[in-house]
1. Please find, within region 52-75, the residue that is farthest from E19 (Cα to Cα) out of those that are aromatic (F, W, Y) and open to solvent by 60 Å² or more (accessible area, probe 1.4 Å).
2. Write out, first by first residue and then by second, each pair whose Cβ atoms fall under 9 Å of each other, whose residues are 6+ apart or on separate chains, and whose first residue, in region 66-82, is at positive phi and hydrophobic (A, V, I, L, M, F, W, C) while the second is surrounded by 12 or more Cβ atoms within 10 Å (Cβ to Cβ) and assigned to a loop (DSSP other than H, G, I, E, B).
3. Just to verify a result, which residue in region 41-89, among those that are in a loop (DSSP other than H, G, I, E, B) and charged (D, E, K, R), is nearest to Y4 (Cα to Cα)?
4. Y4: among the aromatic types (F, W, Y), open to solvent by 30 Å² or more (accessible area, probe 1.4 Å), in contact (Cβ under 8 Å) with a residue 40 or more places away in the chain and outside any helix (DSSP H, G or I), yes or no?
5. Spot the failing condition for R88; the list is (1) under 24 Å from E123 (Cβ atoms); (2) surrounded by 13 or more Cβ atoms within 10 Å (Cβ to Cβ); (3) basic (K, R); (4) over 12 Å from the mean Cα position of the chain (by Cα), and only one is missed.
Amino acid sequence: RLAYGGHSGSRGGAVATVEEAPGEACPVVVHRMSDRDLRTLDACEGFRAFGRSFYDRRRMIVRRDIDGWDMEALVYVLARPWINIPTRHYHKTIEAGYIAHGFDLLHLDNALRRAIRTVAALEMDHES
């Protein structure tokens with residue numbers, strides 16, 4: 001499922017990631033990429049094959065809605081996830097992508113609600 005977590009200095013808050021949650025899924029866009037494109041995306045996402053990375057690059061099975069076929073894809077997942085809240089601007093940027101691709105905004109709204117709820121609960125625990 002989609003989640004928000006970590007902290008990006010350039011984004012000023014949490015960023016999007018995916019996390020395992022039995023029985024849940026989230027929509028994704030899949031692109032065919034050259035090795036050169038992949039190296040460029042790795043740099044943008046803070047991925048390093050060796051050493052400390054912001055995101056890990058993992059192979060996952062994704063289901064294509066058009067024909068129901070499963071395919072292997074590379075997915076960037078936060079290397080050290082912790083629940084955090086994104087900035088309004090970042091959330092709206094992700095929302096614009098969801099709308100452009102015709103994705104159900106419920107996945108996005110649920111991710112934001114979970115992040116807000118979790119951070120609020122952690123703050124209350126910390127104050128106790």
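1. Just the residues of region 52-75 that are aromatic (F, W, Y), to begin with: 54-55, 69.
Those left that are additionally open to solvent by 60 Å² or more (accessible area, probe 1.4 Å): 54, 69.
Numbers: F54: 15, W69: 21 Å.
The qualifying residue farthest from E19 (Cα to Cα) is W69.
2. Correct list of pairs: empty, since none qualify.
3. Initially, region 41-89 is screened for residues in a loop (DSSP other than H, G, I, E, B), giving 46-54, 64-69, 79-82, 84-87.
Subset that is charged (D, E, K, R): 48, 52, 64-65, 67, 80.
Numbers: R48: 21, R52: 20, R64: 24, D65: 24, D67: 29, R80: 12 Å.
Among residues in region 41-89 that are in a loop (DSSP other than H, G, I, E, B) and charged (D, E, K, R), the one nearest to Y4 (Cα to Cα) is R80.
4. Details: among the aromatic types (F, W, Y): yes; open to solvent by 30 Å² or more (accessible area, probe 1.4 Å): no; in contact (Cβ under 8 Å) with a residue 40 or more places away in the chain: yes; outside any helix (DSSP H, G or I): yes.
No, not satisfied.
5. (2)
The values are calculated or read from the model by the stated rules, or taken from the named source; none is laboratory data. Note that the structure is a prediction, hence the values are computed from the model and not measured. Every residue, glycine as well, gets a Cβ built from its backbone with ideal geometry; the counts of neighbours run over all protein chains shown. Surface accessibility is based on the protein's heavy atoms, side chains included, excluding ligands, DNA and RNA. Shrake-Rupley method; radii C 1.70, N 1.55, O 1.52, S 1.80 Å.
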